[in-house]
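The values are calculated or read from the model by the stated rules, or taken from the named source; none is laboratory data. Not measured: the values here are computed from a predicted model. Ideal geometry is used to build each Cβ from the backbone, glycine not excepted, and the neighbour counts take in all protein chains shown. The protein model used for the area step is the full one, side chains on, heavy atoms only, and it has no ligands, DNA or RNA in it. Shrake-Rupley method; radii C 1.70, N 1.55, O 1.52, S 1.80 Å.
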Amino acid sequence: PVVLSYIQLREILPAVTTKAHDVQIYDLDMRVFHYEPSIAWDRFVTPVTTEWFAFFYFGYFFILAVHILPFLLGVGDSKLLRHFSFGIFCQFCVSHTLYMVVPGWGPYHDLKFQHELVGGPFWNLVVETVRAGSAQKDIFPSLHTGAPLFFALFSFVHRKRMPFRYTWPVMAFCVTQIICATMFLRWPYLIDIVAGIALACFSTFVGGAIVQWEERRRESLGVQPVFGDAPLAWAWRKIRER
């Protein structure tokens, strides 16, 4: 429900405010960083580069599925599940709330570019997906940055376990391409990317410490953990016990 609530933001955000802070966000970028990637990278725009980054940008949805569904259904380690769940809740709940505080369209809407983004099937998929389901003014923080980066950092933190031992390098490469893609395709400003990175780091490292503290506290109170085994893992454990 937390992840799917993004679809409702298309109706919720306009009801909360009609404002957009693109001018202020861009001015902040130029004062702090003196750099705006979407403009600086405009000279590299070709159908080939657009399609390359569109492939990884659209791959965000695949990465969501291959992480969330197995954890939702089959993870038997409740400690791992609690750390992952806290990170997901933090990513999406904080992002969805801040979209209402700092609404903005993104560089594609307000800035001027010399080269038009033209690609192949993946670019067309990205455009159609954004047109059909995007919340529109959902740039701060960049959830397309924060969520995949959380998965990559989570995989690295737990790299001694399977399957993260083998998947974390692949995730690291894919996530760098996704983050670059969000800027190359002109969706967020640089400060939105920085905010997404900060939220991902908080969800992984501070979130892990919070989960451990919460686990010790619940044990001292003699109450059950928030999460037990995922359904399929619980069913498999019961079968083995019998």
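Could you tell me which residue of segment 7-33 is surrounded by the most Cβ atoms within 10 Å (Cβ to Cβ), considering only residues that are at pLDDT below 90 and in contact with an Asp or Glu (Cβ under 8 Å, 6 or more places away or on another chain)? Ranking the candidates gives LEU9 first.
Per this entry, VAL94 is not counted among residues that are under 22 Å from the mean Cα position of the chain (by Cα), of a type in the set (Val, Ile, Thr), surrounded by fewer than 18 Cβ atoms within 10 Å (Cβ to Cβ) and outside any helix (DSSP H, G or I). Identify, by number, the condition in (1) hydrophobic (A, V, I, L, M, F, W, C); (2) open to solvent by 40 Å² or more (accessible area, probe 1.4 Å); (3) more than 13 Å from the chain's Cα centre (by Cα) that VAL130 doesn't meet. Here VAL130 clears every test but (2). Scanning segment 156-181 for residues that are at pLDDT below 95 and hydroxyl-bearing (Ser, Thr, Tyr) yields TYR166, THR167.
For PHE164, the requirement of being open to solvent by less than 30 Å² (accessible area, probe 1.4 Å), free of Cβ contacts under 8 Å to residues at least 24 places away in the same chain and either over 20 Å from PHE55 (Cα atoms) or out of contact with any Phe, Trp or Tyr (no Cβ under 7 Å at 6 or more places or on another chain) (or both) is met.
In segment 109-167, the qualifying residues are those that are β-branched (Val, Ile, Thr) and outside any helix (DSSP H, G or I), and the one that is farthest from VAL206 (Cα to Cα) is VAL118.
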